[in-house]
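Novice: This is the structure, below, for whatever I ask next.
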Amino acid sequence: MNQAKNLAQIAIMVALALVLHVMERLLPVPQVAPGIKLGLANVVTLVALFVLNFRQLVMLVVVRTLLASFFGGGVSEFLFSVTGGLLSLLVMYFAAHRLARYFSLASISVLGAIAHNLGQLLIAALVVETFGIFTYLPVLMVSAAVTGAVVGNTAKAVLLHLVKAGRVSAAGALKILI
Amino acid sequence: MKLGDKVLLATMLIFAVAAVLWWLRPASSDLVAEIKLNGRVVKTIDLGRVQKPSEFTVQAGAGKYNVVRVERGRIRVVTANCPNQVDVKQGWISAPGQTIVCLPHRLVITLRGRSEPSVDDIVR
């Protein structure tokens, strides 16, 4: 019973993230520079940090990126986003559970966005076999700071509602919300 | 704001400044001026890296001279004592492939670029 509930929970979160992912593609966001996007799907991951355990989180990220690459992209897009996604997850998990005293949810989101970019650049560097790509990092970092803050604050609002509704245990989430 | 937030914000600001500097960095060695006398290269100048405008004189044999002015991304002959003054009248050149020729002094200034010229060819 409990296992089925867990599975359903992950499945719903994957579905939510995918919807956000597809919706984001429909938004007419100006392409400031290649590789920059809002990353709305990260709202789900940020909330999931306080709901799922680490193993389940990894499952969430892998399944989400796999299915997202079915909706558009392909093998290479999957490689990029799964590396970025897992690295981002590692950083955010560590920050949320060990460094919550120091970081607000917006900052954790920014850190995750930076880690996501680093992971993608790493794969890009391996693909084109040049590490000169990393000169592009400052640009991506700045965009990560902006989009990460937007996404982080959105996740904070979502989390507040979930805590109020009793869907997320207040004890775990509260240390990050104050 | 918590402590880590402030640290992160400060780091991001530094990166923002770095990013702006990166965007504004001088176009490096994308445009090189080659000055030839009698078919021999006597001087090459990376126009992308010229910091401030300067002038110098090219001595083209007994009593023949051309004064060349260099600014970032462009070059011209300011004065010369050649009879027809074609090189002076031509003014600035700034695109890869463009050429200034002073036939009486056998002086040629050619611009080379790593990027392709925007036109197929230049006929003069």
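Novice: So how many residues does the range A:95-111 have that are surrounded by fewer than 21 Cβ atoms within 10 Å (Cβ to Cβ) and either under 15 Å from A:LYS37 (Cα atoms) or more than 12 Å from every other protein chain (Cβ to nearest Cβ) (or both)?
Specialist: 1
Novice: In addition: Keeping to the range A:84-137, report how many residues are of a type in the set (Phe, Trp, Tyr) and under 29 Å from B:TRP23 (Cα atoms).
Specialist: 3
Novice: Continuing with this model, one more query. In the range A:131-178, how many are outside any helix (DSSP H, G or I) and either within 10 Å of chain B (Cβ to nearest Cβ) or modelled with pLDDT under 70 (or both)?
Specialist: 1
Novice: Six or more apart or on different chains, Cβ under 8 Å: which pairs go from a residue in the range B:88-99 that's hydroxyl-bearing (Ser, Thr, Tyr) to one that's assigned to a loop (DSSP other than H, G, I, E, B)? Could you list them?
Specialist: What qualifies is B:SER94/B:GLY73; B:THR99/B:ILE122; B:THR99/B:ARG124.
Novice: For the condition outside any helix (DSSP H, G or I) and either buried (at least 22 other Cβ atoms within 10 Å of the Cβ) or not hydroxyl-bearing (Ser, Thr, Tyr) (or both), what is the one hit in A:GLY119, A:GLY85, A:GLY73?
Specialist: Answer to the check: A:GLY73.
Novice: Still on this structure: Identify the single condition in (1) free of Cβ contacts under 8 Å to residues at least 24 places away in the same chain; (2) assigned to a loop (DSSP other than H, G, I, E, B); (3) more than 12 Å from the chain's Cα centre (by Cα) that B:GLY61 does not satisfy, given that it satisfies every other one.
Specialist: Result: B:GLY61 fails condition (1) only.
Novice: Let me ask another. Are there any pairs with C-beta distances below 7 angstrom linking a residue in the range A:88-104 that is in a helix (DSSP H, G or I) to a residue that is aromatic (Phe, Trp, Tyr) and surrounded by 19 or more Cβ atoms within 10 Å (Cβ to Cβ), with the two at least 6 apart or on different chains, and if so which?
Specialist: A:ALA95/A:PHE103
Novice: Spot the failing condition for B:THR79; the list is (1) surrounded by 17 or more Cβ atoms within 10 Å (Cβ to Cβ); (2) part of a strand (DSSP E or B); (3) free of Cβ contacts under 8 Å to residues at least 40 places away in the same chain, and only one is missed.
Specialist: Among (1) surrounded by 17 or more Cβ atoms within 10 Å (Cβ to Cβ); (2) part of a strand (DSSP E or B); (3) free of Cβ contacts under 8 Å to residues at least 40 places away in the same chain, B:THR79 violates only (1).
Novice: If you go through the range B:1-13 one residue at a time, do you hit one that is away from chain A (no Cβ under 14 Å) and of a type in the set (D, E, K, R)?
Specialist: no
Novice: Also, quick follow-up: Does A:ILE114 satisfy being surrounded by 20 or more Cβ atoms within 10 Å (Cβ to Cβ) and part of a helix (DSSP H, G or I)?
Specialist: yes
Novice: While we're here: Among the numbered conditions (1) under 22 Å from B:ASN84 (Cβ atoms); (2) without any contact (Cβ under 8 Å) to a residue 60 or more places away in the chain; (3) loosely packed, with under 12 Cβ neighbours inside 10 Å, tell me where B:ASN38 comes up short.
Specialist: (2)
The values are calculated or read from the model by the stated rules, or taken from the named source; none is laboratory data. Only a predicted model underlies this, so the values are computations on that prediction, with no experimental measurement involved. For neighbour counting, all protein chains shown are included, and Cβ atoms are generated from backbone atoms with ideal geometry for every residue, glycine included.
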